[in-house]
Amino acid sequence: MLSSDSMACNPSNCQSNCYGNEEKAEVVVGEEYVSANQNQNLCIKCKTKEPIGGDEGRMFCIECFRSNLYGKFRLAVTSHAMITPTDNVLVAFSGGPSSRVALQFVHELQHKSLKNFDASRDRSLPVFRVGVAFIDETTISPLPSHDIDRAIQDIRLIVSNLAPPIKQLHVVPIENIYSGDGTNRLKNLLDAVSDTTGKEDLLLHLRMSSLQKVASESGYNKIVLGLCTSRIACHVISATVKGQGYSLPADIQYVDSRWEIPIVLPLRDCLVQELNMLCHLDGLKTVELLKGPCSGINGLVSSFVRILQEENPSRECTIVRTAGKLTPFHFNRIPESDDSIIPLATRRRQKRYNLKPNESISSESFCPICNSPLNKSDMLRLSNLGSCQTNSDSFGAACCSSCRFQILPKDPSSIDHFYSLLPQPLVARAKRSSYDNLSLLREQIQDCLLSDSEDES
């Protein structure tokens with residue numbers, strides 16, 4: 001008789017293959033574990049190549065990383081009708097990574113449009129035109145003039161090396177915002193601002209006015225800025241600190257049409273770390289003009305956001321996404337067009353993503369310095385201004401609270417001198433704002449006014 005031990009089934013004497021499935025299962029589980037480990041070291045998109053490494057590219061290989069970044073750009077452009085076949089686009093170029101990638105992506109989009117145009121039989125869709133603008137700040141920069149001249153030569157080389165179509169480069173001295181020789185007036189204007197942050201902000205507003213002037217004079221109908229998520233995140237916090245919370249939603253949207261020439265931000269969803277990496281991977285030459293450290297609110301906020309981003313790589317996106325929940329203004333959209341030359345898919349996409357009237361805030365008056373929409377308290381102060389006030393008083397009353405606090409002179413006797421140094425576009429904007437505000441106020445109280453016949457009776 002066999003003992004129970006000898007009859008017991010175990011891996012060593014089993015003849016019915018009872019343990020075969022378990023051994024196979026162990027092998028399968030082991031293969032899946034090895035496969036999972038291997039997939040962790042592969043691009044999450046194509047799953048065939050190794051990721052490029054680094055915080056911003058740890059998930060993608062080189063090709064997928066670039067495709068993902070360009071996809072963000074293209075989605076922003078097509079969803080908000082930033083660039084259409086009939087457009088003449090001006091790319092604001094500072095030489096940094098953000099504007100360099102913006103120029104490269106706009107160039108590639110134009111190059112593909114040209115290929116499609118050449119390949120089509122009817123050639124019904126024209127190719128949009130592209131220009132490049134660089135604001136030359138030699139007269140007010142602490143850098144030696146030969147360094148800036150060398151940088152301008154590098155910028156000319158970058159633009160000229162782009163494949164056809166040829167792009168015209170506009171090197172615009174910032175003092176050209178004045179009608180005549182404005183070098184001394186510009187220097188005196190900046191010297192009249194005692195606040196460090198106010199001086200930085202005024203210079204930023206003068207750059208935008210210079211871009212608007214060259215775009216208007218050269219026939220462009222869109223201006224492309226390279227503002228990315230990182231820059232917008234800094235602006236969200238700094239604008240909040242400066243008391244610009246009411247106008248903040250106007251500055252962080254994809255489209256800003258309050259200007260004569262609308263502003264578009266196709267890189268709004270891209271991080272500056274991603275743009276730096278793309279410049280490194282693709283060998284895109286950048287021109288960094290070393291500027292003095294920002295010692296005001298802007299510099300402090302940039303350092304603060306940089307620390308937050310180092311602690312948590314998603315902080316900048318979180319800041320912009322949170323601020324994006326604020327209600328935008330009615331001008332944060334490109335007007336819908338029924339032009340038959342614009343592809344139907346583009347028009348449908350624009351209609352889908354465009355703001356609805358009940359999803360935006362209406363504003364009729366803007367600050368003459370920063371062009372921010374004025375809130376109710378600013379409008380009330382402007383409407384209470386007497387008709388006997390001087391032009392400088394009217395200008396000060398038309399400014400937003402932030403500009404009055406940080407840019408305008410604290411001494412009332414200095415307002416006239418400050419006003420005399422302003423370039424014509426800012427003065428004209430103030431007069432237009434005052435006129436529009438009075439017209440709007442008259443419309444609002446029209447029912448309360450007596451007619452001539454009623455007055456006589």
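The values are calculated or read from the model by the stated rules, or taken from the named source; none is laboratory data. Here the structure is a predicted model, which is why all the values come from computation and not from measurement. So basically every Cβ, Gly included, is an ideal-geometry build from the backbone, and we count neighbours across all protein chains shown. We work out accessible area using only protein heavy atoms, side chains counted, and drop any ligands, DNA or RNA first. Shrake-Rupley method; radii C 1.70, N 1.55, O 1.52, S 1.80 Å.
Cβ separations smaller than 6 Å between residues 6+ apart or across chains give the following pairs from the range 145-174 residues that are outside any strand (DSSP E or B) to residues that are modelled with pLDDT under 90 and not charged (D, E, K, R): 151/289.
Condition first: under 22 Å from residue 334 (Cα atoms) and either touching a helix residue (DSSP H, G or I) at 6+ places or on another chain (Cβ under 9 Å) or surrounded by 21 or more Cβ atoms within 10 Å (Cβ to Cβ) (or both). Can you find one or more residues in the range 112-120 that meet it? The answer is no; no qualifying residue exists. If you filter the range 248-271 down to residues that are open to solvent by less than 20 Å² (accessible area, probe 1.4 Å) and in a loop (DSSP other than H, G, I, E, B), you find that the one that is farthest from residue 98 (Cα to Cα) is 261. Here residue 181 meets the list (1) over 27 Å from the mean Cα position of the chain (by Cα); (2) open to solvent by less than 30 Å² (accessible area, probe 1.4 Å) almost entirely, failing just condition (2). Suppose the filter is at pLDDT below 95, loosely packed, with under 14 Cβ neighbours inside 10 Å and in contact with a helix residue (DSSP H, G or I) (Cβ under 7 Å, 6 or more places away or on another chain); does residue 295 pass it? In short, yes.
Could you say whether any residue in the range 127-147 is within 24 Å of residue 274 (Cβ to Cβ), open to solvent by 10 Å² or more (accessible area, probe 1.4 Å) and among the acidic types (Asp, Glu)? The answer is no, given that none of the residues of the range 127-147 is within 24 Å of residue 274 (Cβ to Cβ), open to solvent by 10 Å² or more (accessible area, probe 1.4 Å) and among the acidic types (Asp, Glu). Among the numbered conditions (1) at positive phi; (2) under 12 Å from the mean Cα position of the chain (by Cα), the only one that residue 226 does not meet is (1). In the range 183-196, the residues that are within 15 Å of residue 414 (Cβ to Cβ) form Cβ pairs under 6 Å with partners that are assigned to a helix (DSSP H, G or I) and open to solvent by 30 Å² or more (accessible area, probe 1.4 Å), at six or more places apart or across chains, as follows: 190/199; 193/199. State yes or no: is residue 196 hydroxyl-bearing (Ser, Thr, Tyr), farther than 16 Å from residue 132 by Cβ and crowded, with 19+ Cβ neighbours inside 10 Å? Judged against the criteria, residue 196 is not a match. Could you list, in sequence order, all residues of the range 298-315 that are in contact (Cβ under 8 Å) with a residue 12 or more places away in the chain and either under 29 Å from residue 374 (Cβ atoms) or open to solvent by 40 Å² or more (accessible area, probe 1.4 Å) (or both)? Hits for the range 298-315 are 298, 301, 302, 304, 305, 313, 315.
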